[in-house]
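What follows is a single structure, written as structure tokens, with notes after it.
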């Protein structure tokens, strides 16, 4: 798994949390290790602007996901040697971008009484699930996504 970081700097510890959450999600869903994702660390102002431009919602949010392909939940990504070169970045096959607002991570950590690590892990797992075709717009979609997310977070909590 290749993770490209863009935007505001992250601590080594935060990068480790993100990496573990990405790897745990891909492993749980039995996805190939040759995947790549771009993690954009943005300010609240940037997040609000992205959310407004992309979703028409003029407010700050915690995480946004932008998949590079349309997948169904539990669909396996097949990596073949003849895969499109534009899907390949820095040694992996690109599955999409996520934007994370670290100020929201800290706010939620305080609000919910959870560690920063737990909140960041939850947002990253949630985003990777979106990049892999999961959604929660409809109740029946949420009923599929939530147990997978919780299972991954429970495994991460035990490590």
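Throughout, read-outs are computed from the coordinates displayed, never taken from laboratory work. Quick caveat, the model's predicted, so the values are computed rather than measured. Virtual Cβ from ideal backbone geometry, glycine too; neighbours counted across all protein chains shown.
Structural remarks
- Principal-axis analysis of the Cα atoms of the chain puts helix 12-28 at an angle of about 50° to the longest axis.
- Peptide ranges 38-49, 141-152, 93-104 listed from the most packed, as the mean C-beta count within 10 angstrom indicates: 93-104, 38-49, 141-152
- Among 61, 25, a tally of other beta-carbon atoms within 10 Å of each Cβ gives an order, fewest to most, of 61, 25.
- Computed from Cα atoms alone, the Kirkwood hydrodynamic radius reported for the chain is 16.1 Å.
- Axis of helix 102-112 versus longest Cα principal axis of the chain: the two differ by about 60°, to the nearest ten degrees.
- Between 0 and 90°, nearest 10: helix 116-131 axis offset from the chain longest Cα axis: 40 degrees
- Highest-first packing order for the peptide set 114-127, 66-79 is 114-127, 66-79, based on the mean count of other beta carbon atoms within 10 Å.
- Full-stretch length increase - residue 59, residue 19 - with 0.36 nm per residue and alpha-carbon distance subtracted: 11.7 nm
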